[in-house]
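The values are calculated or read from the model by the stated rules, or taken from the named source; none is laboratory data. The structure presented is a predicted model; accordingly, all values stated were derived computationally and were not measured. Glycine gets a Cβ as well: all are built from the backbone with ideal geometry, and neighbour counts include every protein chain shown. The accessibility values were calculated without ligands, DNA or RNA, using every heavy atom of the protein model including side chains. Shrake-Rupley method; radii C 1.70, N 1.55, O 1.52, S 1.80 Å.
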Amino acid sequence: AKALGRGAWCFYDEAMTQAARERLTLEARLRRALAEGELRLYYQPQVDIASGRIVGAEALLRWQDPDEGLISPDRFIPVAESSGLIAPIGQWVLEEACRQAQQWLTAGLPALTMAVNVSPRQFLLGDLVAGVGQALSQSGFPANFLELEITESAMAERPEQALALLNRLGDLGLRLAVDDFGTGYSSLAHIKRFPIDVLKIDQGFVRDIPESADDMAICSAIIAMGHSMGFAVLAEGVETPAQLDFLRERGCDNYQGYLRSRPVPPDAFEALLRAQSV
Ligand code: C2E
Ligand code: CA
Ligand code: CA
Ligand code: CA
């Protein structure tokens, strides 16, 4: 590095320090956010396409920072992953989602599937089975209404390890969903062996319907293939009636998207549920 000359080295070194400092700051702030209770879960309805009824919720993490306001997960999940904070944060998400879902159940609202995102690192490294068991037993929420969303790439990375883990999770009675299906590298040979319940079509394939014939062909193929393998299929990112019409016509089971609702805080989600149960 010295061969580049002192100026170049200093510049490089400073840039690195700056990046490291920013990352550390965010990491330290995130650690504090977890301890101080600044993390929140928002909920987005999962809707049965045939009946139009809300049958599930996806829990989506938000960080309510006192200075910056609401921070989106795309900004802090990567930091949580690389720092290892994803383990305690992921556990908090599991416990809070189960607690909330059980509270709605005991309030007499119709039973819902509660879908929780599990990050690749949390999936492959953490003791997920014990963590899930704890979230279920302390909340009393029934296992068969809890769904874990795991990305296709997390499953594909170490397929044998993933298969063993998915089998143990399946044995707890949970439902398992493949998130962002179609975007990662994955082998259908593996997917076929996994105890999966749901394929979630990535919103990137839904966005340009009905303009993109390619995307329509991909969605149709995923729906047909998912059904023939015995999975339910959910489309993400549905924003327009035309997209929903297309998915309905192709026999897609469920959808999520702004067309029905953005992810909302718990009170607002509860209001959506009450509005449909009368
Ligand atoms: P994801 O799991 O694929 O979640 C779907 C994302 O699409 C959410 O973004 C949601 O708000 C957004 N979305 C929903 N409907 C629409 C729509 O109609 N149009 C558009 N354009 N977007 C829509 P969000 O909440 O910002 O989350 C981003 C990502 O952060 C998630 O992608 C997920 O990978 C990650 N994430 C969120 N919560 C958690 C969590 O608790 N744990 C982990 N490990 N990851 C999480
Ligand atoms: Ca998800
Ligand atoms: Ca299962
Ligand atoms: Ca997704």
Discussion item. Order 110-116, 241-247, 54-60 from most to least packed using the mean count of other Cβ atoms within 10 Å.
Written reply: 54-60, 110-116, 241-247
Fill in: Residue-normalised accessible area of the chain, given per residue in Å² at a 1.4 Å probe
48
Fill in: For the range 62-104, alpha-carbon Rg over 2.2 N^0.38 Å
1.31
Worksheet item: What's the carbon and sulfur percent of the chain's accessible surface, probe 1.4 angstrom, rounded to a whole number?
Response: 54
Worksheet item: Between Gly173, Pro45, Cys219, whose Cα lies farthest towards the positive end of the dipole of the chain when Lys and Arg beta carbons carry +1 and Asp and Glu beta carbons carry -1, centred on the Cα centre?
Response: Gly173
Worksheet item: Quick one: how many Å² of Ser277 are accessible to a 1.4 Å probe, rounded to 10?
Response: 60
Worksheet item: Per the Debye formula with a single identical scatterer at each Cα and no solvent contribution, what log10 I(q)/I(0) holds for the range 195-278 at q = 0.24 Å⁻¹?
Response: -1.09
Worksheet, complete the sentence: The FRET efficiency for Asp245 and Asp67, from their Cβ-Cβ distance with R0 = 35 Å and rounded to 0.05, is 0.20
Discussion item. Can you compute the charge dipole magnitude of the chain about its Cα centre, using +1 on each Lys and Arg Cβ and -1 on each Asp and Glu Cβ, nothing else charged? Give it in debye, rounded to the nearest 20.
Written reply: 460
Worksheet item: Where Rh denotes the Kirkwood radius from the mean inverse Cα pair distance, what is Rg over Rh for the chain?
Response: 1.02
Worksheet item: Put +1 on the Cβ of each Lys and Arg and -1 on the Cβ of each Asp and Glu in the chain; which of Ile150, Ser261, Gly84 then has its Cα farthest toward the positive end of the dipole?
Response: Gly84
Worksheet entry | 13 Å beta-carbon shell around Gln100, net charge (K/R +1, D/E -1) | -3
Worksheet item: Antiparallel DSSP bridges in the chain: what percent, to the nearest 5?
Response: 40
Discussion item. With equal scatterers on the alpha carbons only and no solvent term, can you work out the Debye log10 of I(q)/I(0) for the range 58-203 at 0.11, 0.22 1/Å?
Written reply: -0.41, -1.49
